[in-house]
Amino acid sequence: MDKLLIRGGRALHGTVSISGAKNAALPELCAALLTADTVTLKNVPRLQDVVTMEKLIRNMGVAFTRSDDGIVTLNAAALDKPEAPYELVKTMRASVLALGPLLARFGKATVSLPGGCAIGSRPVDQHIKGLQAMGAIIDVAHGYMNAHLPKGWTRLKGARITTDMVTVTGTENFLMAACLADGVTILENAAQEPEIPDLAEMLIAMGAKISGHGTSRITITGVEKLHGCTHSVVADRIEAGTFLCAVAATGGDVILENARADHLDALLDKLREAGALVTQSPHGLQVTSSGKLKAQSFRTTEYPGFPTDMQAQMMALNVVAAGSSIATETIFENRFMHVNELVRLGANIQIDGRAAMVTGNAKLSGAHVMATDLRASASLVIAGLVAEGETTIERIYHLDRGYDRMEEKLRGIGADIERVK
């Protein structure tokens, strides 16, 4: 397996381009299943999860082409296998996003229960309840969700769906399914992450009737059919946030092309309070840091609060900042697996339930560490960039699931980092 070698202690300078968002690209690839027309997506990141989704879509019978510059073209006119088998999706929880589109267009779907990172419970019961409210009959057996319409039905029916919790993939599934449903669907307690309105804008370009996206209440009026479109995937706010933390921790001056401040308000507040200077530039964001920071406590919560996907990276920053801080994780119950690896590098962290107490000003030194999940990998990269000596990060296939050529981008702004086969 590949690993990363990092020789720390270098400030970062230059310009880095932020790729399209994984969490927007995956549902938007599934949205292409809603029409027999050609759909073109631009700014699609080169990630392992995207490759897995490509294999899944091809397996269904969808024509799929990809260019080197991130343009993907899909045509689902010949889709003849509305299923997502376990062997294709066992490493990716986003497989559940195929359920709504397949059920809406074909009236049936067989989708494996999702895999992905082992960071806590990700129940699909909210997806099932919501689609059942629209009339779907769904049985879960032998690791699969088997869904179909009632006898005599040709379409799902509009419904009011109120989820027990805010669920991003649930909101996306209902949003896609409702576009071809009969009548009006209202999503209450809808997720508000920027990837949701980006998906909605793509669906609107395909002919869907949607309002309220980006708020907690979305209204969808079903249409007879959707057509093709061309859509550009929104920039990845988590990749941008990861690079912001890396530059803040190491020191330096970097422009993040395509990064959007309006998608990162909670993180930017913490970084500015810590002592980093983050400003809007004509093409994105510019971050400048001396590397001398003040630790900041934070609590993860649903958007627009502090994102759980930035918890590990912010903790890595707090490890080397002056003072003590507390990171409280409210979204996933098992998302401190990176702590033991940070401790191997010299961090001083104590865990108490869902809170991690960090004593800052740690003098990190390079060591062998192991990535345990996607965002944990990023925190170890940040720590390795600061640490004295050489850090080796094993199991970076986790990193490849969500970051587009991270080591190449970091090397381009001055990091001493290489991938070893």
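Each value in this text was obtained by applying a stated rule to the coordinates, not by laboratory testing. As the structure is a prediction and not an experimental result, all values here were calculated from the model. Heads up, the Cβs are rebuilt from the backbone with ideal geometry, glycines too, and the neighbour counts pull from every protein chain shown.
Local charge sum around THR185 (other residues, Cβ-Cβ under 13 Å, Lys/Arg +1, Asp/Glu -1)?
Values: positive: ARG155, LYS157, ARG160, LYS209, ARG217; negative: ASP182, GLU188.
Net charge around THR185: +3.
Which shape class, rounded, prolate or oblate, goes with the stretch 249-317 when its Cα gyration tensor gives a ≥ b ≥ c as root eigenvalues, a/c under 1.5 marks rounded, and past that a/b bigger than b/c marks prolate? It comes out oblate by the Cα gyration axes.
Which links in LYS3/LYS409; LYS129/LYS157; LYS22/LYS225; LYS55/LYS225 stretch past 20 Å when you go from one Cα to the other? Before the final figure, lay out each step's value.
Values: LYS3/LYS409 16 Å; LYS129/LYS157 14 Å; LYS22/LYS225 27 Å; LYS55/LYS225 26 Å.
Long pairs (Cα-Cα over 20 Å): LYS22/LYS225; LYS55/LYS225.
Other residues lying with their Cβ under 15 Å from the Cβ of THR301 contribute a combined charge of -3, Lys and Arg counting +1, Asp and Glu -1.
Taking the DSSP beta bridges with both ends in the chain, the antiparallel portion is around 70 percent. For the listed peptides 396-403, 154-161, 50-57, a ranking on the average number of other beta carbons within 10 Å per residue, highest first, reads 396-403, 50-57, 154-161. Inter-label distance, ILE137 to THR15: 5.9 nm, where each label sits 7 Å from its Cα along the C-beta direction.
Report the antiparallel proportion of the DSSP beta bridges in the stretch 272-407 as a percent, rounded to a multiple of 5.
Numbers: 15 of 23 bridges.
Beta bridges within the stretch 272-407, antiparallel portion: roughly 65 percent.
How would you classify the stretch 23-106 from its alpha-carbon gyration tensor, with a ≥ b ≥ c the square roots of the eigenvalues: rounded for a/c under 1.5, else prolate if a/b is greater than b/c, otherwise oblate? Cα axes put the stretch 23-106 in the oblate bin.
Using C-alpha pairs under 8 Å with a sequence gap of at least 6, the mean separation divided by the residue count of the stretch 112-263 gives a relative contact order of 16 percent. Determine the shape class of the stretch 321-407: with a ≥ b ≥ c the square roots of the Cα gyration tensor eigenvalues, call it rounded for a/c under 1.5, and otherwise prolate if a/b is greater than b/c, oblate otherwise. Verdict is oblate for the stretch 321-407. Mean separation of Cα pairs under 8 Å and 6 or more residues apart, divided by the residue count, gives the stretch 305-372 a relative contact order of 37 percent.
Scaled against the 2.2 N^0.38 Å expected of a compact globular protein of N residues, the Cα radius of gyration of the chain reads 0.98. One Cα centroid belongs to the stretch 208-249, the other to the stretch 347-421; the line between them spans 28 Å. Structural descriptor for the stretch 1-90: relative contact order 28 percent, calculated from alpha carbon pairs under 8 angstrom and at least 6 residues apart.
Within the stretch 101-239, DSSP assigns beta bridges of which about 80% are antiparallel (rounded to the nearest 5).
Here the stretch 1-142 is treated as a Stokes sphere of Kirkwood radius computed over C-alpha pairs; at 25 °C and 0.890 mPa s its diffusion coefficient rounds to 146 µm²/s.
The length gained by stretching the chain between THR230 and ASP68 to full extension, at 0.36 nm per residue less their Cα-Cα distance, is 56.6 nm.
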